[in-house]
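Asker: I'd like to ask you about the structure that follows.
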Amino acid sequence: MNAISPRLAVMLIISISSLLRVILDATIGLGVDESYVVAIARMFSLSYFDHPPLHLWMIWLTSHIANTEIGLVLRLPFILLFAATTWMMYRLGTRLFSEWAGVYAALLLNVSAVFSLSTGSWILPDGPLMFFMMAAVLVLEQLFFPPQVILSWELWIIAGFLIGLGMLAKYHAIFLVVGSFIFVITSKERRRTLLTLKPYVALLIACIVFLPVVIWNQEHNWISFLFQGARGTAKGFFPLKMLGNIAGQAAWVLPWIWAPLVWVFSKSLLGGPGHPKWQPLQDRKWFLCCLAAGPIVVFTIATLWGAQGLFHWQAPGYLLALPLLGHATTEWLRKGYVMTRWWLKASVIIFVAIITILGSHTATGWIKSLQPTWFTQGDPTIEALDWRDLSNYLDEKGLLHSQAKFVVATHWIDAGKIDYVLGGKIPVLCLSNEPHHFAFMHSPAEFKGEDALIIGRKDKMVDGLNLYRPYFTSIDIVGILPIKRAGIAEFDVIVFYARGFNGTFSLPYGQ
């Protein structure tokens with residue numbers, strides 16, 4: 001890669017990776033979280049049950065401007081955000097270390113599954129979160145290097161605004177505040193910053209930007225904070241669960257990137273605070289460690305006492321540690337380590353092979369046709385199927401124009417899939433103990449006396465019917481529809497017609 005300029009190299013990384021994401025996103029349907037957020041984003045809200053609102057506002061705005069809910073169109077803003085995140089990764093690596101450190105950090109960002117696929121393509125809060133986190137860190141870097149009290153209010157105000165936007169995307173952005181405080185308090189040359197008003201004004205601005213989430217939660221019994229907080233509740237002592245979570249992190253980042261990333265991060269962390277004059281390199285490394293440590297340490301340690309730990313929760317920390325690996329890569333290459341070049345080439349080749357295989361299988365199911373025994377426990381890629389056949393089926397049966405005034409689903413995942421393909425033509429209620437934000441979109445009492453369509457996966461409908469029979473005067477089967485991928489049925493969806501809803505179904509979350 002050194003035969004070209006660093007700037008050209010990073011532009012090639014951005015262009016090629018963005019093109020691959022566009023091709024992939026045009027090929028596969030929306031995942032369960034994506035279908036769900038598209039469905040609930042149609043009803044604009046200050047905030048939402050699962051997450052702060054920024055990515056849902058983006059979906060709402062995109063769908064209104066483009067006048068479509070085609071998956072690729074809705075994903076394009078997230079692809080563009082990740083392209084900008086890649087550029088900022090390059091700039092951060094350049095400012096802290098060198099241009100080539102920035103290039104290698106940008107390259108590794110784009111060949112790591114959790115970033116390149118999840119953050120870089122999907123309609124999730126992680127894309128906006130990491131965009132604004134990177135933007136905020138670039139401003140913080142200007143504030144902290146050189147180590148002096150910056151007289152410019154402008155940078156502090158911008159930093160507060162960007163951190164607030166990050167918090168408006170996902171709660172993880174609060175770690176930037178914590179990490180910045182740790183960095184400042186552990187640096188004698190920077191501590192006097194805390195004696196000025198500037199950082200506190202920045203924090204106040206961040207809180208003001210975050211205010212819509214607070215207002216919505218205050219109006220809804222603080223449900224979002226309670227829901228997320230409950231995931232960290234102590235349940236016991238589970239060392240094996242923590243080890244499993246660490247293994248999941250490695251799988252998501254990809255083991256051949258995760259291992260050296262953890263190595264250079266741990267080495268820099270153990271190096272402690274550096275002095276800006278005597279140890280300027282360690283000073284910069286410590287800056288990244290302070291910002292990165294929070295998500296990695298907190299969400300990993302929490303699984304030790306049984307807290308729920310999704311493997312991507314540590315990703316914002318790994319994001320901010322990547323410049324460390326970019327710098328280490330330049331050092332390994334400078335020292336002539338031949339394996340480093342092989343490692344970089346292999347990382348790119350293997351990643352492209354992985355997304356090609358998984359992407360084509362998700363679209364067609366070809367691996368399942370060749371090796372059905374591999375999927376005896378189920379095929380997770382079917383969750384990326386859009387239930388397009390369902391909309392056509394209901395239209396052909398005339399059910400969308402019948403006396404039925406709403407649709408009932410048994411779980412928020414199925415409700416999201418159903419609502420997405422129906423395009424808002426008919427209200428969808430998730431009458432269950434896990435309705436998520438569907439609980440705040442419609443009250444069951446609004447539909448008292450009305451008929452409904454009950455729709456769900458056939459293998460989960462027996463319990464659903466037993467649950468709903470007391471709430472309707474009668475329930476009759478309409479038909480069974482196979483959901484197909486490349487012409488092959490993957491699972492069945494069953495449709496019922498239910499008459500005379502009594503409107504008394506009690507939803508959770510205080511509704």
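The values are calculated or read from the model by the stated rules, or taken from the named source; none is laboratory data. This one's a predicted model, so the numbers in the text were calculated from it and none came from an experiment. Every residue, glycine among them, receives a Cβ derived from its backbone with ideal geometry; neighbour counts consider all protein chains shown.
Asker: Being modelled with pLDDT of 95 or more, out of contact with any strand residue (DSSP E or B) (no Cβ under 7 Å at 6 or more places or on another chain) and crowded, with 21+ Cβ neighbours inside 10 Å is true for just one of A66, A41. Which residue is that?
Answerer: Of the residues listed, the single one that is modelled with pLDDT of 95 or more, out of contact with any strand residue (DSSP E or B) (no Cβ under 7 Å at 6 or more places or on another chain) and crowded, with 21+ Cβ neighbours inside 10 Å is A41.
Asker: If you take the residues in segment 87-115 that are crowded, with 23+ Cβ neighbours inside 10 Å and small (G, A, S), which one is nearest to V348 (Cα to Cα)?
Answerer: It comes out as S112.
Asker: Before we move on, is N245 in contact (Cβ under 8 Å) with a residue 40 or more places away in the chain and within 20 Å of the chain's Cα centre (by Cα)?
Answerer: For N245, the condition - in contact (Cβ under 8 Å) with a residue 40 or more places away in the chain and within 20 Å of the chain's Cα centre (by Cα) - is met.
Asker: Hey, among the residues in segment 350-402 that are in a loop (DSSP other than H, G, I, E, B) and more than 27 Å from the chain's Cα centre (by Cα), which one's surrounded by the most Cβ atoms within 10 Å (Cβ to Cβ)?
Answerer: Out of the qualifying residues, it is K397.
Asker: Something else about it: So which of T300, T340 ends up being among the hydroxyl-bearing types (S, T, Y), surrounded by fewer than 23 Cβ atoms within 10 Å (Cβ to Cβ) and closer than 22 Å to M130 by Cα?
Answerer: T300
Asker: Moving to a separate point now. Return yes when R457 is modelled with pLDDT of 95 or more and charged (D, E, K, R) and no when it is not.
Answerer: no
Asker: Within the bounds of segment 296-303, is there any residue that is in contact with a Lys or Arg (Cβ under 6 Å, 6 or more places away or on another chain), part of a helix (DSSP H, G or I) and assigned by TED's automatic domain parsing to the domain that holds R231?
Answerer: Checking segment 296-303: at least one residue is in contact with a Lys or Arg (Cβ under 6 Å, 6 or more places away or on another chain), part of a helix (DSSP H, G or I) and assigned by TED's automatic domain parsing to the domain that holds R231.
Asker: Under the condition of being assigned to a helix (DSSP H, G or I) and among the aliphatic types (A, V, I, L, M), which residue from segment 187-206 is nearest to F144 (Cα to Cα)?
Answerer: Once the filter is applied, the top-ranked residue is L194.
Asker: Would you mind stating whether G464 is buried (at least 17 other Cβ atoms within 10 Å of the Cβ) and assigned to a strand (DSSP E or B)?
Answerer: Answer is no for this residue.
Asker: Is it true that S266 is in contact with a Ser or Thr (Cβ under 7 Å, 6 or more places away or on another chain) and hydroxyl-bearing (S, T, Y)?
Answerer: So S266 fails the test.
Asker: Of the residues that sit in segment 472-511 and are assigned to a loop (DSSP other than H, G, I, E, B) and hydroxyl-bearing (S, T, Y), which one is surrounded by the fewest Cβ atoms within 10 Å (Cβ to Cβ)?
Answerer: Ranking the qualifying residues of segment 472-511, first place goes to S506.
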